[in-house]
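A.B. asks: First the structure, then my questions, so here it is.
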Amino acid sequence: MRGLTARIVICATLALAFMLPVGVSIWMSYRVALAEQRLRTGILASQLLHRAHTLSDQIAGARRALLRRADRDPCSAGNIGLMRSLAIGASYLQDVGYVEGGKLRCSSYGNLGDGYELGPADYQSSRGAWIHKAVKLPFSESRKFFVITEGDIGYSSLVMPELILDISEASRDAAIALVAVSTRQVIMQRDGIDLAGMPPLIREHGDVTWRHDGAMGAVKFSATHDYAAVVVSSVSAFNAAWRKAAIWLVPFGTLLGATLVMLAMLRIRQRNGLLWQLDRALRAHELSLAYMPIVELRSGKWVGAEALMRWQRDGEWIPPDRFIPLAERHRRIRKLTGRMLDLLVADAQALPPEVAAALYLSINLSAEDLADAAIAQRVHAAREACGVDGILVEATEGVLLQADRVVHNIDRLRELGMRVAIDDFGTGYSSLSYLGSLDVDCIKIDKSFVSAIGTQSVRGHVVSHIIDMARDVGLAVIAEGVETQAQAEYLAARGVQYAQGWLFGKAMPMREFVARLQADRAYHACQM
Ligand code: C2E
Ligand code: CA
Ligand code: CA
């Protein structure tokens, strides 16, 4: 159940690690599109307002020129000539004319005789001009003109709304209008503009942008006239801008999400890795020691125990052959040895003083430990704290043959009263010749040699040589991995003093070790 929950949490975390940057990139593209549309509609509205102002100026200019002229007959040849020059000179004025009785009497095109009926005006502007929004004229049937007639003097300006409203190619998909602020009357527009979505035009000046039904709108108010330019871009234009932004932003988000997922997976793998868990075990005190009895072969009595590291992780025992080499490779061994010594001191408190004084406790040190200048002092301090007199330090032969520093520390350990053993003897350099040159106290014959006893293998024959040579140079011998009575008898017959192995007892917690010692009272002071 715990595993399932952990898996669900991991999956959810990975999904989140991916979705978050992707989601953020989509949201950012949306914001970019929004900003872009806001800018675009704002620019279009400004451009429209600018045109409207130019048009207003041109109308005012024409009015002034016609007033100055003040011919009696507004449709005099001179006036018509003036109208023509005004229409040609002003970019937004198609025509300038004179209206009387609702009829266009004359214009820059000439005298229209009876005049042309304009029909009722659409509305009157705030400054009193009459506005006809769409007037067809006989001399330009295909067009509809926007006609502004001065209420007081009757002169009109004729404008083609497209010229004002077709701002640029970029404005094609936008609805555009010029709106009277005071009346909310649409003055001229291209494409039906939905003023319902527009915020109330409450302000006389300033700009407004808003969003309605997915479309973006902008209003620019004229500071000098009673109108405002309104531009509403379409939903499809907004979506296109969003897509455009997403095309370069979302791949970034996806890449970032994928990178995060990879990093998270790496981290998870690392956390699940043995080394990471070993670090946690060192912090969380998940390590313990088990004690394997060492017996005197002749009497069968216990003379000591080898302290062996144990690691229980989530109810599962991790063999030392897995985590000790790992700790050695990744520079954790000194820490582990420190923990081993602490555990040894704590466990030894359970030993009755007379037992502690008689027995040997054997510990394993790695090459890295033996290269530590402080090791002899550390082990010595542990021995003092233990109250155990006999401490045997086990190191493999390869380690002992290493650098001077190691040899120096071995000497130091022995000076301080500890005994030193060559562990797994025979498996390393396999040369018996150097045996006498090493200043140690004991060898531990490797289990592989002991299991070979009684077989015809080479190792079986080598055992007796090892034993003989050790005796010759005055080293004590402990045989490891003794599993059968036959092995024990053979070793005893050959003069091996000590042994350990499943025949005598497996590694056990200190509590059990003490209980068994006290039950049998079968311990013996070690003479090593
Ligand atoms: P080692 O020092 O050679 O320890 C003897 C190993 O042989 C132990 O395995 C022990 O349980 C096993 N053994 C002893 N008698 C028998 C037997 O009769 N039959 C069988 N099949 N096995 C037997 P363990 O406890 O798994 O330890 C493995 C190795 O881990 C040790 O080999 C030692 O090199 C290392 N180790 C254990 N504790 C420590 C420690 O505290 N520090 C260091 N540096 N190394 C340690
Ligand atoms: Ca050992
Ligand atoms: Ca060994």
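No lab work stands behind these numbers, since they all come straight from the coordinates. As the structure is a computational prediction, the values presented were derived from the model and not from experiment. Quick reminder, even Gly has a Cβ in these numbers, built from the backbone with ideal geometry, and neighbours come from all protein chains shown.
A.B. asks: What net charge is computed for the residues neighbouring VAL440, neighbours being all others with C-beta under 14 Å from the C-beta of VAL440, Lys and Arg scored +1, Asp and Glu -1? Write out the running numbers ahead of the final one.
C.D. replies: Details: positive: ARG412, ARG414, ARG419, LYS444; negative: GLU394, GLU397, ASP411, GLU415, ASP423, ASP424, ASP439, ASP441.
Here the count lands on -4.
A.B. asks: List the trypsin sites (Lys or Arg not before Pro) in the range 57-118 that DSSP assigns to loop (not H, G, I, E or B) and whose Cβ has at most 10 other Cβ atoms within 10 Å. Which are they? Don't skip to the end; give the middle numbers.
C.D. replies: Working: sites: ARG63, ARG64, ARG68, ARG69, ARG72, ARG84, LYS103, ARG105; in loops: ARG72.
Hits after loop and neighbour filter: ARG72.
A.B. asks: Kindly state, to the nearest 0.05, the FRET efficiency for ALA240 paired with SER126, given R0 = 25 Å and r defined as their beta-carbon distance. Don't skip to the answer; put the middle values down first.
C.D. replies: On the way: r = 39 Å, r/R0 = 1.55.
Efficiency, from the Cβ-Cβ distance: 0.05.
A.B. asks: Something else: Based on Cβ point charges of +1 for Lys and Arg and -1 for Asp and Glu, what charge dipole magnitude is obtained for the range 409-515 about its Cα centre, in debye rounded to the nearest 20?
C.D. replies: 160
A.B. asks: Something else about it: Among TYR434, GLY398, LEU343, which residue has its Cα positioned farthest towards the positive end of the charge dipole of the range 288-520, with +1 placed on the Cβ of Lys and Arg, -1 on the Cβ of Asp and Glu, and the dipole taken about the Cα centre?
C.D. replies: LEU343
A.B. asks: Restricting to DSSP loop positions (anything but H, G, I, E, B) with no more than 15 other Cβ atoms inside 10 Å of their own Cβ, which GluC sites (Glu not before Pro) remain in the range 394-492? Intermediate results must be reported in sequence, preceding the final value.
C.D. replies: Numbers: sites: GLU394, GLU397, GLU415, GLU480, GLU483, GLU489; in loops: GLU480, GLU483.
Passing both the DSSP loop test and the Cβ count: GLU483.
A.B. asks: If you place +1 on the Cβ of every Lys and Arg and -1 on the Cβ of every Asp and Glu, how big does the dipole about the Cα centre of the chain come out, in debye to the nearest 20?
C.D. replies: Working: 58 positive and 55 negative charges, 332 e Å.
Value, rounded to 20: 1600 debye.
A.B. asks: May I ask you to derive the FRET efficiency for ARG471 and THR427 from their Cβ-Cβ distance with R0 = 22 Å, giving the value to the nearest 0.05? Spell out each step's value before the answer.
C.D. replies: Working: r = 20 Å, r/R0 = 0.92.
For ARG471 and THR427, the calculated efficiency is 0.60.
A.B. asks: Using a ≥ b ≥ c from the Cα gyration tensor of the range 288-520 (square roots of the eigenvalues), is it rounded, prolate or oblate, where a/c under 1.5 gives rounded and otherwise the larger of a/b and b/c decides, a/b for prolate?
C.D. replies: Details: a/c = 1.42, a/b = 1.14, b/c = 1.24.
Rounded.
A.B. asks: Between helix 320-329 and the chain, what is the angle of the helix's C-alpha long axis to the longest principal axis, kept within 0 to 90° and rounded to the nearest 10?
C.D. replies: Tilt of helix 320-329: around 60 degrees.
A.B. asks: Right, here's the next one. What pairs from LYS133/LYS220; LYS136/LYS244; LYS335/LYS506; LYS301/LYS335 go past 32 Å between their alpha carbons? The partial results should precede the final answer.
C.D. replies: On the way: LYS133/LYS220 22 Å; LYS136/LYS244 43 Å; LYS335/LYS506 26 Å; LYS301/LYS335 34 Å.
Those over the limit are LYS136/LYS244; LYS301/LYS335.
A.B. asks: Can you tell me the length gained on complete extension of the stretch LEU4 to GLU489, counting 0.36 nm per residue apart and subtracting the Cα distance? If you can, show how the numbers build up before the last one.
C.D. replies: Numbers: separation 485, 0.36 × 485 = 174.60 nm, distance 5.37 nm.
Difference between extended and current length: 169.2 nm.
A.B. asks: For the chain, what is the calculated [θ] at 222 nm in deg cm²/dmol (nearest 500), taking -39500 (n - 2.57) for each run of four or more DSSP H residues and dividing by its residue count?
C.D. replies: Value at 222 nm, helices only: -15000 deg cm²/dmol.
A.B. asks: Compute the helix-to-body angle for 2-69: its Cα long axis versus the longest principal axis of the chain, expressed 0 to 90° and rounded to tens.
C.D. replies: 20
A.B. asks: To continue, here is another question. Using 0.36 nm per residue of separation minus the Cα-Cα distance, give me the extension gain between ALA403 and ARG271 in nm, one decimal.
C.D. replies: 44.0 nm
A.B. asks: Mind pulling the angle between the C-alpha long axis of helix 274-284 and the longest principal axis of the chain? Nearest 10 degrees, somewhere in 0 to 90.
C.D. replies: 80
A.B. asks: Please go through the range 452-528 and write out the trypsin sites (Lys or Arg not before Pro) that DSSP classes as loop and that have at most 15 other C-beta atoms within 10 Å.
C.D. replies: Values: sites: ARG459, ARG471, ARG494, LYS506, ARG511, ARG516, ARG521; in loops: ARG494, LYS506, ARG521.
The qualifying sites are LYS506, ARG521.
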